[in-house]
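For reference, the structure is listed below as structure tokens.
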Amino acid sequence: SGGEVEVSLRRTPDAVSLVVADNGPGIPEAERGQAFDRFHRILGSGEEGSGLGLSIVRRIADLHRASVSLDAGPGGRGLRVEVVFPL
């Protein structure tokens, strides 16, 4: 509730980058590698969902030869997801 989501696109000579960043609870750095596993949920987070979203993002990225990375969101809060599609 009250969260913000920012979506941006950037083109470089070699790629197009899609960034989605929010100021929500985020994903602890130690859990980010597992965040792409199907049905993975952070225990005790109280967040709703099936744990499929990022695994679907990773699969779509793979089909388009894109890379996906997770970082802390703006100001170190939330989550920043970047998908880089090669041209």
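Things worth noting here:
- Listed by first and then second residue, the pairs linking a residue in segment 1-19 that is of a type in the set (Val, Ile, Thr) to a residue that is loosely packed, with under 12 Cβ neighbours inside 10 Å and assigned to a strand (DSSP E or B), with Cβ atoms under 8 Å apart and 6 or more places separating them unless they lie on different chains, are VAL16/LEU9; VAL16/ARG10; VAL19/VAL7; VAL19/SER8; VAL19/LEU9; VAL19/ARG10.
- Of everything in segment 58-83 that is within 11 Å of the chain's Cα centre (by Cα) and in contact (Cβ under 8 Å) with a residue 60 or more places away in the chain, the residue that is farthest from ILE27 (Cα to Cα) is VAL83.
- Applying the criterion of being of a type in the set (Ser, Thr, Tyr) and modelled with pLDDT of 95 or more to the residues of segment 41-87, the residue that is surrounded by the most Cβ atoms within 10 Å (Cβ to Cβ) is SER67.
- Of residues in segment 13-38 being in a loop (DSSP other than H, G, I, E, B) and modelled with pLDDT of 95 or more, the one nearest to the chain's Cα centre (by Cα): ASP14
The values are calculated or read from the model by the stated rules, or taken from the named source; none is laboratory data. Predicted model, so just to flag it, every value in this text is computed and none were measured. Note that each Cβ is placed from the backbone with ideal geometry, even for glycine, and that neighbours are counted across all protein chains shown.
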